[in-house]
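Structure record follows, encoded as structure tokens.
The values are calculated or read from the model by the stated rules, or taken from the named source; none is laboratory data. This is a predicted model, so every value here is computed, not measured. Backbone-built Cβ (ideal geometry, glycine too); neighbour counts: all protein chains shown.
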Amino acid sequence: MEETALFPLVLRVPAWAEGFEATVDGKVYSPSGRNRLLKIKREWSPGDTVQVKIPLDIRIVPDGDKDTKSVVFVRGPQVLATSAEIEANGGIPASGWWGDTVYSCTVKQNGVEKAFQLVNFADAGQNKQPYAVVHEGIEEKSEKETSEDSQKEEHKK
């Protein structure tokens, strides 16, 4: 863009992205209501930038089976899983593991507080180790549990 122009920039807001924001020149734009499209109509100049904030908190989502109360852990669009290999090693194994991130989420399972070590579903089950995506007995997270303190990331070094 070489000169200023008036036009709308339309961003699609994922349904799971509660708290989505876009910022241009210090002005914050947020979707209204259930609208999944965020339109920013303004006069754009060369060098203008849009900063997008998409929260990636770990959420508990029902698995969709009406006969059970099973849930899955998701982070943004990613489905997360527990992996026996991660549990046994207390984190990412030293070698032979191709993923590089483990998320920790503490919730109550059957009334007992438990820290889940979670990986992207695509990384789970490596080396033919057991893994689980669907979990039973998980209670909804409280406001305290949804804070940054209960969700940590570990990266392979």
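Values computed for the structure shown
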{"read-out": "Residues within segment 42-68 that are without any contact (Cβ under 8 Å) to a residue 24 or more places away in the chain and touching a strand residue (DSSP E or B) at 6+ places or on another chain (Cβ under 8 Å), tallied", "value": "3"}
{"read-out": "Residues within segment 19-68 that are at pLDDT 90 or above and either more than 23 Å from Ala81 (Cβ to Cβ) or more than 19 Å from the chain's Cα centre (by Cα) (or both), tallied", "value": "31"}
{"read-out": "Given (1) in the same structural domain as Ala122 (by TED's automatic domain parsing); (2) assigned to a strand (DSSP E or B), number of the condition Thr23 does not satisfy", "value": "(1)"}
{"read-out": "Selection count where residues are surrounded by fewer than 14 Cβ atoms within 10 Å (Cβ to Cβ), farther than 24 Å from Asn89 by Cβ and at pLDDT below 70, scope segment 127-150", "value": "5"}
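Quick grid of which residues meet (1) charged (D, E, K, R); (2) over 21 Å from Gly137 (Cα atoms):
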{"site": "Ala22", "(1), (2)": "no, yes"}
{"site": "Glu43", "(1), (2)": "yes, yes"}
{"site": "Asp65", "(1), (2)": "yes, no"}
{"site": "Ser70", "(1), (2)": "no, no"}
{"site": "Gly76", "(1), (2)": "no, yes"}
{"site": "Ala88", "(1), (2)": "no, yes"}
{"site": "Ser104", "(1), (2)": "no, no"}
{"site": "Asn110", "(1), (2)": "no, no"}
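Yes or no, residue by residue, for (1) touching a Leu at 6+ places or on another chain (Cβ under 7 Å); (2) at positive phi:
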{"site": "Arg12", "(1), (2)": "yes, no"}
{"site": "Ala15", "(1), (2)": "no, no"}
{"site": "Gly19", "(1), (2)": "no, yes"}
{"site": "Val24", "(1), (2)": "no, no"}
{"site": "Ser30", "(1), (2)": "no, no"}
{"site": "Ile40", "(1), (2)": "yes, no"}
{"site": "Trp44", "(1), (2)": "no, no"}
{"site": "Thr49", "(1), (2)": "no, no"}
{"site": "Leu56", "(1), (2)": "no, no"}
